[in-house]
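**Q** If you scroll down you'll find the structure; I have some questions about it.
The values are calculated or read from the model by the stated rules, or taken from the named source; none is laboratory data. No experiment lies behind these values; they were computed from the predicted model shown. Quick reminder, even Gly has a Cβ in these numbers, built from the backbone with ideal geometry, and neighbours come from all protein chains shown. SASA here: full protein model, heavy atoms, side chains in, ligands and nucleic acids out. Shrake-Rupley method; radii C 1.70, N 1.55, O 1.52, S 1.80 Å.
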Amino acid sequence: MVKLGVNIDHIATLRQARKENEPDVLKAALLCEKAGAEAITVHLREDRRHIQDKDVYLLKKNIKTRLNLEMSVAQEIVKIALDVNPDDVCIVPEKRNELTTEGGLDVINQKTILKEIIEKLKRSGIRVSLFINPEIEQVNASAEVGADCVELHTGKYAISFKNKLKDVYLSELKRLKEAGEIALKKGLILNAGHGLDYENVKEIAEIKGMNELNIGFSIVSKAVFVGLEKAVNEMKDLIRDNSHIFNR
Ligand code: PXP
């Protein structure tokens, strides 16, 4: 069975818009678990635009499934990861001005630093994944530097699916399947994520040997519409109940 890791970064994005305590990130994580998520994923970005250090510590202490911490190789963040000791770390490339993680990690050209960080994390009992584009050379390099898992970047597949560029998404799907096959042959755990939604997820979930999908934006977006009517109804009920006070 393919597992679901829910990325709750955008619950924190909403909270940071007011810098108050709502919506509560831990409460969201516990709800995701209640609904069947097998992991909670958060990205502690160097600019702390959504998830904060305290969120990561609180999640680690309170969730019952796995905590998957996405992070760059920045020294300060690696230090926090070693202190928090999440179940999983997924190393991602990070650029200050990007809206979201844009591409996969270039493992081939960062072997020395990645090897060193992976060793440190694994020594603490953390399972390490590398977020890479579906390229065979990057999969091979991931195995070489000692990663436990790869997370294949599905962003290009997702965008071409949305834009109905059939040739592009079919060729991207083929690349994902081929990269997945090599990953399994190399003994790596196979995960995937980025841009997956209610329309495009099925074909990715069907890739042979797929272990876990990490999905955030589409779930949080859908949650707004699944919950908005109820939220307005509850507020209307409160206003209606109090109207006799003001109408005297
Ligand atoms: N996996 C990784 C490594 C990511 O960086 C992200 C985005 O934070 C996701 C999965 C989730 O992507 P999305 O929010 O588009 O579902």
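**Q** Roughly what would the spin-label model give for residue 16 and residue 233, points 7 Å off Cα along C-beta, in nm?
**A** 3.4
**Q** List the longest stretch of the chain that has no exposed loop site; here a site is one of the GluC sites (Glu not before Pro) assigned by DSSP to anything other than H, G, I, E or B, with at most 11 other Cβ within 10 Å.
**A** Numbers: sites that count: 20, 98, 199, 206.
Answer from the scan: 99-198.
**Q** Where is the GNM fluctuation largest for the chain (alpha-carbon springs, 10 angstrom cutoff): 187, 146, 195?
**A** Maximum among the listed residues: 187.
**Q** For the stretch 1-111, please report how many Lys pairs fall under 21 Å Cα to Cα, leaving out neighbours fewer than 8 apart on the same chain.
**A** 20
**Q** Quick check: at a probe of 1.4 Å, how many percent of the accessible area of the stretch 103-248 sits on carbon and sulfur atoms? Intermediate results must be reported in sequence, preceding the final value.
**A** Values: 4770 of 8530 Å².
Roughly 56 percent, rounded to a whole number.
**Q** What is the helix-to-structure angle for 75-84, meaning the angle in degrees between its Cα long axis and the longest Cα principal axis of the chain, kept from 0 to 90 and rounded to the nearest 10?
**A** It is inclined by approximately 70 degrees.
**Q** To the nearest 0.05, how large is the calculated FRET efficiency for residue 185 and residue 226 if R₀ is 41 Å and r is the Cβ-Cβ distance?
**A** On the way: r = 40 Å, r/R0 = 0.98.
Taking R0 as 41 Å, the efficiency between residue 185 and residue 226 is 0.55.
**Q** Mean separation of Cα pairs under 8 Å and 6+ residues apart, divided by the residue count of the stretch 1-96: what relative contact order is that in percent?
**A** Values: 155 pairs, mean separation 24.6, N = 96.
Relative contact order of the stretch 1-96: 26 percent.
**Q** Return the whole-Å distance between the Cα centroid of the stretch 29-85 and the Cα centroid of the stretch 140-209.
**A** 23
**Q** Using Cα-Cα distances under 8 Å and only pairs 6 or more residues apart, what relative contact order does the stretch 45-185 have, in percent?
**A** Numbers: 199 pairs, mean separation 25.9, N = 141.
Result for the stretch 45-185 is 18 percent.
**Q** Between residue 61 and residue 171, what is the FRET efficiency for a Förster distance of 41 Å, r being their Cβ-Cβ separation, to the nearest 0.05?
**A** On the way: r = 44 Å, r/R0 = 1.07.
With a Förster radius of 41 Å, E is 0.40.
**Q** What does the extension gain come out to for residue 82 and residue 199, with contour length at 0.36 nm per residue minus their alpha carbon separation? Don't jump to the answer; show the numbers that get you there.
**A** Values: separation 117, 0.36 × 117 = 42.12 nm, distance 3.70 nm.
Computed gain between residue 82 and residue 199 is 38.4 nm.
**Q** While we're here: Relative to the longest principal Cα axis of the chain, at what angle does helix 166-185 sit, 0 to 90 degrees, rounded to 10?
**A** The two axes meet at around 60 degrees.
**Q** Trypsin sites (Lys or Arg not before Pro), restricted to the stretch 95-161: which are DSSP loop and have at most 11 other Cβ atoms within 10 Å? It would help to have the intermediate numbers written out before the result.
**A** On the way: sites: 95, 96, 111, 115, 120, 122, 123, 127, 156; in loops: 95, 96.
Passing sites in the stretch 95-161 are 95, 96.
**Q** Springs between alpha-carbon atoms under 10 Å, Gaussian network over the chain: tell me which of 214, 109, 97 tops the mean-square fluctuations.
**A** 97
**Q** Another question, then. What shape does the stretch 45-204 take by its C-alpha gyration tensor, where a ≥ b ≥ c are the square roots of the eigenvalues and a/c under 1.5 counts as rounded, a/b above b/c as prolate, and the rest as oblate?
**A** prolate
**Q** Counting alpha carbon pairs within less than 8 Å and at least 6 residues apart, what relative contact order, in whole percent, applies to the chain?
**A** 17
**Q** Give the cross-link partners of residue 156 among the aspartates and glutamates, using a straight C-alpha distance below 17 Å as the criterion and excluding same-chain residues fewer than 8 apart.
**A** Within the straight-line cut-off, residue 156 pairs with 98, 102, 106, 135, 167, 172, 178, 197, 199, 203.
**Q** I've got another one for you. Could you work out which residue, out of 197, 106, 47, moves most in a Gaussian network model of the chain, that is, has the largest mean-square fluctuation with Cα springs under 10 Å?
**A** Judging by the Gaussian network model, the answer is 47.
**Q** Can you give the angle from 0 to 90° between the axis of helix 217-246 and the longest principal axis of the chain, with both taken from C-alpha atoms, to the nearest 10?
**A** It is inclined by approximately 10 degrees.
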